[in-house]
1. Calculate for the chain the 222 nm mean residue ellipticity that helices alone would give, adding -39,500 (n - 2.57) per DSSP H run of length 4 or more and normalising by residue count, nearest 500 deg cm²/dmol.
2. What translational diffusion coefficient, to the nearest whole µm²/s, does segment 8-48 have by Stokes-Einstein, given a Kirkwood radius computed over alpha-carbon pairs, a temperature of 10 °C and 1.306 mPa s viscosity?
3. Report, as a whole number in µm² per second, the diffusion coefficient that Stokes-Einstein gives for segment 1-131 at 4 °C and 1.567 mPa s using the Kirkwood radius over alpha carbon pairs.
4. Residue 93 label point, 7 Å along Cα→Cβ, cut-off 16 Å on backbone N: hits in segment 143-160?
5. Could you work out the local net charge near residue 131, counting Lys and Arg as +1, Asp and Glu as -1, over the other residues with Cβ closer than 15 Å to its Cβ?
6. So which residue, out of 117, 169, 82, gets the largest mean-square fluctuation from a GNM of the chain using Cα contacts under 10 Å as springs?
7. Considering only protein heavy atoms and a 1.4 Å probe, what is the carbon-and-sulfur percentage of the accessible area of segment 115-193?
8. Kindly provide the GluC sites (Glu not before Pro) of segment 1-76 that DSSP labels as loop, not H, G, I, E or B, and whose Cβ sees at most 13 other Cβ atoms within 10 Å.
Amino acid sequence: MEEIKLLGTAASSFVNRVQFVLNLKSIEYEFIEENLACKSDLLLASNPVLKKIPILLKANEPPICESLIIIEYLEEIKPDIHPILPPKPSDRAKNRFWANYIDNKFFPLYLELSYAHEREIVKDKIIKESQLLEEVFVKFSNGKAYFGGDEVGYLDVVLGCFLGWTKFHEKRHDFKVFDEVRTPKLAEWVKRILTHKAITGVMPQEDILMDYYMMRLK
């Protein structure tokens, strides 16, 4: 495997997502920490359209941007090492549907919570979404440990990368997103994911998240 570099910041869930898959597939890479308050020339040259992280750089190939695109690229170049997508096309489509839902309907509620004046209303929205995701987990896991069944799969990566921020907002706003009463299956899943060897060194610590949180609020 040619040298791979990942541009990002440790506090970004979307960067953590890519790191999770790189680790699952045992792909060595160099992590380049970006200062988003003063974006590097490398970042701007690699993603001139969106100017966002994560960005995957591979020798003699164009930069690859956007976390879901990157992890599917990694799936394609290393299909035999810990595959994260199911083989059946219709099942892949279902995974992609819910990944899009998580990224565009669920996670943005955390940002809404940060700025909201009526935070209890936003908390209720998050709790409602968590209950829907509980139903999705039950359907996809089929009684097994992960969305992907016996092994970590696509949706485990997509939702799992947000658990650092989930814990952060739970503590800051005094509520539970996934708990043993409303979402018992996901509550157990959270414990499994957070101790998985592919993510334990990736999930950002609270102080890193706090620094990033304060920067975003400025």
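The values are calculated or read from the model by the stated rules, or taken from the named source; none is laboratory data. None of these values were measured; they are calculated from a predicted model. Cβ: placed from backbone, ideal geometry, glycine included. Neighbour counts: every protein chain shown. In case anyone asks, the SASA skips ligands and DNA or RNA and just uses the protein heavy atoms, side chains included. Shrake-Rupley method; radii C 1.70, N 1.55, O 1.52, S 1.80 Å.
1. That calculation yields -16000 deg cm²/dmol at 222 nm.
2. 141 µm²/s
3. 79 µm²/s
4. none
5. Spelling it out: positives minus negatives among the neighbours equals +2.
6. 117
7. 50 percent
8. Qualifying residues, ordered by number: 2, 3, 28.
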